[in-house]
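Take a look at the structure below.
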Amino acid sequence: MAIGVISVVAACVAGIWFAYDSTEALDEILPLKKPAVSSKSQASQEKSFNLICEGAVSIPANGFDSPFKTGNQTFVAGIDIDNHTGWYQGSLSISEARKGTATLRGDVVTVNRPALFERYGSMITGEEFTLDRASGEFEQSVTLSDKRRIVLIKAYCGKLTKPPF
């Protein structure tokens, strides 16, 4: 009985801790659906923001030419329009410690970073993610040395708000 009460309290605290802006709430992951956004102009005015994202991640099993393993992942991303940078909790070339260069076209932010390393049996020459601030759509991809672009993550993001305590 005590364990059940502790579990409920922990779930409530976690829910409060990771509160979402109500206009950008995450929807179910599979299939991915567009979340509702109340005002496009509100999304366009944000210059620096952190997001919590949830989506489908595809990882190569035995190289980029083999079938991919797919699962769900929750991660945090950040965009700083004033400094032209962006990051997400990735494991490739763009991370919070190694930010990418951000460009803005309308409501779509593109963050990219050149790379040169081997992963999954192929040479990766660049990594990129895009975020549509109006819809919350997030897509992360890598570019291989043979010029192929492989999408690894498709997710939806919502604004991460700090708790009041």
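Since every read-out is calculated from the coordinates, none of them should be taken as a lab result. Treat the numbers as computed from the prediction; the structure is a model and nothing was measured. Methodologically, a virtual Cβ is constructed for each residue, glycine included, from the backbone with ideal geometry; neighbour enumeration extends over all protein chains shown.
General remarks:
- Separation of the Ala61 and Leu104 label points, Cα + 7 Å toward Cβ, nm: 4.3
- FRET efficiency, 1/(1 + (r/R0)^6) with R0 30 Å, evaluated for Arg119 and Ile81 via beta carbons: 0.55
- Length released on extending from Phe68 to Lys147, taking residue separation times 0.36 nm less the Cα-Cα span: 26.5 nm
- The range 118-165: trypsin sites (Lys or Arg not before Pro) in DSSP loop, at most 13 other beta carbons within 10 Å: Lys147, Arg148
- Per-residue HN-Hα couplings for the range 47-58 [Karplus 6.51, -1.76, 1.60; θ = phi - 60°; Hz; x = Gly/Pro]: 9, 9, 7, 10, 10, 10, 10, 9, x, 8, 10, 10
- Isotropic mean projected area of the C-alpha convex hull, the range 44-165 (nm²): 8.2
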